[in-house]
Structure formats: C-alpha cells, structure tokens
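The values are calculated or read from the model by the stated rules, or taken from the named source; none is laboratory data. Note that the structure is a prediction, hence the values are computed from the model and not measured. Cβ: placed from backbone, ideal geometry, glycine included. Neighbour counts: every protein chain shown.
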C-alpha cells in the first residue's frame, strides 16, 4: 500500500500545515518526515546538521522517507531537500505528489529568522533563491499536482488537494 498523498516543496511553503489539514479532512494519519527524523534521532534537525553534517542527515532522511512512503493511508510531508535524493524521487513515481510552490518573497517572509532551518542561516532570501534554483526542476519532476501557495490560505490549499484526490479516485 502507499500514502494517499505526498507533499513536497521549499522550506516555508506550508507542507506541514497543509498536510495536517488534508489528513484531518480525510480522517487519516499525518506523517511529517522531519518530525519522524527528530523523534528517532533524539536531536533537532539543526543539531544533526551541526553535529553530524548534511550528508548524515540526508542518509537518515532517505531511510525515514522510504519507510513513510510505505505507510498505508496517510498524508506524508517531506522535508524541502528530500527530492535531492534520486532514490526518493524514484520511490515517488506513481504516487500522488503535490508540490506546494512558494515564491522567494513569501518563503523568506514566512521563514524569517527561523533558527530551526539550518540551510537558511545567514541571508535568508539569498539562500531561498539558491535552494529554489537547485530544487525547482526536481519538484516539477516528481509532482503530479502543482499548487501556488502565495496569497492562498492553508485551508484553501487543503480543500484543493482533497478535491483533486476525490476527483482522481473516480
């Protein structure tokens, strides 16, 4: 079996918030890959990056994501960089994947000076621009649905996803 929907996108695109709303609307579980990573490791993601490095984090992330993609009847939210893994991208083939696309200005405003996002330390806007340039084509590659999140409420996005899932189930 597999999840009903997987949500991908940049940091601060709303993946966790929208994912929780979709799961609640469908009456199913929600799995946030980043939350699972932190629970399993006993460390915050920023601590994993700091103590062990990005490569170690990505290895843990890949294991957690692949396990989460095997979970039945849930909504799965992936970390912003999960799509960097060819193994994860291959595992997403055939699954309903929603890309929550966010503009740099909106993502920068939402992320602000959030110290919990290790890849956004320093000049947040410049880092967002770099990450978006690196990842956009990968999000596009895996997405079966693409929703722009700028100026749209999380409830509206969740409603669009639920409606799309119901439509595709017919």
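Laid out as a table, the results:
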| item | result |
| --- | --- |
| Residue 155 exposed (fewer than 14 other Cβ atoms within 10 Å of the Cβ), at pLDDT 85 or above and under 23 Å from residue 25 (Cβ atoms) | yes |
| Cross-chain or 6+ apart pairs with Cβ under 9 Å, the stretch 15-29 first and over 20 Å from residue 72 (Cβ atoms), then assigned to a loop (DSSP other than H, G, I, E, B) and at pLDDT 95 or above | 15/78 |
| Entirely in the stretch 1-118, the helices (runs of 4 or more DSSP H) that have 2 or more residues that are within 12 Å of the chain's Cα centre (by Cα) and modelled with pLDDT of 90 or more | 15-26, 33-41, 54-69 |
